[in-house]
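Worksheet for the structure shown next.
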Amino acid sequence: MKAVTPIKPSMVRGPAALDVQRVRRDFPILSRRPDGRPFAYLDNAATTQKPRPVIGAMNRFYRRENANIHRGVYALSVRATEAYEKARAKVQRFIGASRPEEVIFVRGATEAINLVASSYGRSKLRAGDEVVITTMEHHSNIVPWQMVCAQTGAYLRIAPIDDAGKLDMDALEALIGPRTKIVAVTHVSNVLGTVNPIRRIVEVAHRQGAAVVVDGAQAAPHLPIDVAALGCDFYALSGHKMYGPGGIGALYGRYDLLKKMPPYQGGGDMIRSVSFEGTLYADPPQRFEAGTPHVAGALGLAAAVDYLDRIGMVHAAAYEQELLAYGTSRLTGVPGVRIIGTAPEKVGVLSFVVENIHPHDLGTILDVHGVAIRAGHHCAQPLMERFGVPATARASLAFYNTREEIDALVDAIGKAIEVFG
Ligand code: PLP
């Protein structure tokens, strides 16, 4: 049974029950030694590495189980269909959805949000209505809403954040009113690491009759997720950010809402019957899964979910909190380094700028020293503007990272400062 209370990083501090060296052996790429030297992969917010069970599940599918699903009458196709539907049920359990039909397989978090904006958003919004988002959104949770607002005459409203990167809840509450039809908010910021108080946001939004869409791309890799406890209406997941394959993700939607929503794309597999006079659509989730799906991806995502269940998200989160505290104190000690994103509730994302060094130059030098970080606007240009920087460097942590890798990061920053500073 899942806990009813959503677990926040502050609730999981404590001794970490995670053997990191053992975990690292599950990820073949982590033993890679370019130039014979250790390599620190600290770009997990961009994509995570894949454990053996995920690689194995996809490999096994293509070697032994590959067939198209849902339409085949032969055994191989029936088995592939069963495996795909079992994968859906695993994702359902992992996020605490009440039935498998509430899980729609999509390409990733971007497609999940576009699906909600195009289907729910376009059918619900009228001229003068409002969609509320926040300053810390990824472009995937900005642009689809801008598009649907342009199509319907609705307005986009932006809730501000403070200098630590914490959402201004008073301002958000003041923005949400009778005209608000949708509140779309990230659970965890990909730049700041901030964890937003989704349950509270849901309470405020629901009081005004607005639906809540949560971008969970950066939360699912770090926190246990329970959509029932959060109470949200939609929740977007990205497979490749939660140790699963690329090109697969999932949208959770409340079944009563999905049932009333028009299709997002038309084609095969989303219909009950087609004639030239008209088409009857299938029920969710098939209604939203037109075309041949990424079957191997769904099986890989299910294997990732099984793997995360075995690790235990609570243990992973506790370990990452320790690593984040260590990384924060080490980076704070480097003269000229400024961390961007210091909210009290945050996950292992360390965005920072270094005086006199452009983040891109820093990223290149770090790479020479075997440390992979990301530099740029991180698909969050309005957020960069909020902090008055064109870009940041970002080290983002996973439960397979170590203190030694943080030390390597800090040493390499020191070397860059010697060159540029
Ligand atoms: N939302 C956030 C917060 C992200 O960080 C990302 C990817 O960086 C996305 C959405 C897009 O996810 P996907 O790659 O699954 O489309």
Output the residue which, of all residues in the range 372-421 that are under 30 Å from Asp26 (Cα atoms) and charged (D, E, K, R), is surrounded by the fewest Cβ atoms within 10 Å (Cβ to Cβ). Glu404
Can you find a residue that is in contact with an Asp or Glu (Cβ under 6 Å, 6 or more places away or on another chain) and more than 28 Å from Asn190 (Cβ to Cβ) anywhere in the range 331-345? no
I need the full set of residues from the range 139-156 which are crowded, with 18+ Cβ neighbours inside 10 Å and more than 16 Å from the ligand (Cβ to nearest atom), in order please. Val148, Cys149, Thr152, Ala154
Which one of Pro390, Pro359 is free of Cβ contacts under 8 Å to residues at least 24 places away in the same chain, on the phi < 0 side of the Ramachandran plot and in the same structural domain as Ile29 (by TED's automatic domain parsing)? Pro390
For the range 117-133, enumerate the residues that are more than 23 Å from Pro284 (Cα to Cα) and either modelled with pLDDT under 95 or away from the ligand (no atom under 13 Å from the Cβ) (or both). Arg126, Ala127, Gly128, Asp129, Glu130, Val131, Val132
Looking at the range 175-191, which of its residues are charged (D, E, K, R) and either crowded, with 24+ Cβ neighbours inside 10 Å or within 11 Å of the ligand (Cβ to nearest atom) (or both)? none
Hits in the range 222-243 - residues which are within 12 Å of the ligand (Cβ to nearest atom) and either within 22 Å of Val295 (Cβ to Cβ) or among the acidic types (Asp, Glu) (or both): Ala236, Leu237, Ser238, Gly239, His240, Lys241, Met242
Breaking point among (1) free of Cβ contacts under 8 Å to residues at least 60 places away in the same chain; (2) within 16 Å of the ligand (Cβ to nearest atom), for Leu383: (1)
Find the residue count for the range 98-107, including only residues that are near the ligand (Cβ under 9 Å from one of its atoms) and crowded, with 24+ Cβ neighbours inside 10 Å. 1
Out of Arg310, Arg330, Arg272, report the one residue that is over 25 Å from the mean Cα position of the chain (by Cα), over 19 Å from His70 (Cβ atoms) and either of a type in the set (D, E, K, R) or within 16 Å of the ligand (Cβ to nearest atom) (or both). Arg330
Out of the residues in the range 77-97 that are among the small types (Gly, Ala, Ser) and buried (at least 18 other Cβ atoms within 10 Å of the Cβ), state the one that is farthest from the ligand (Cβ to nearest atom). Ala80
Filtering the range 192-241 for residues that are more than 11 Å from the chain's Cα centre (by Cα), buried (at least 24 other Cβ atoms within 10 Å of the Cβ) and among the polar types (S, T, N, Q) leaves a count of 2
How do the strands (runs of 3 or more DSSP E) wholly within the range 147-246 filter down when requiring 3 or more residues that are free of Cβ contacts under 8 Å to residues at least 60 places away in the same chain, β-branched (Val, Ile, Thr) and within 29 Å of Ile339 (Cα to Cα): which remain? 180-186
Which numbered condition Met136 misses (of (1) more than 11 Å from the ligand (Cβ to nearest atom); (2) more than 26 Å from Asp256 (Cβ to Cβ); (3) in contact (Cβ under 8 Å) with a residue 40 or more places away in the chain): (1)
Condition first: under 18 Å from Val116 (Cα atoms), more than 16 Å from the ligand (Cβ to nearest atom), in contact with a strand residue (DSSP E or B) (Cβ under 6 Å, 6 or more places away or on another chain) and not small (Gly, Ala, Ser). Now tell me which residues in the range 197-221 satisfy that. Val202
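The values are calculated or read from the model by the stated rules, or taken from the named source; none is laboratory data. Just so it is clear, the model here is predicted, and its values are computed rather than measured. A quick note on method: Cβ atoms are made from the backbone with ideal geometry, for glycine too, and the neighbour counts reach across all protein chains shown.
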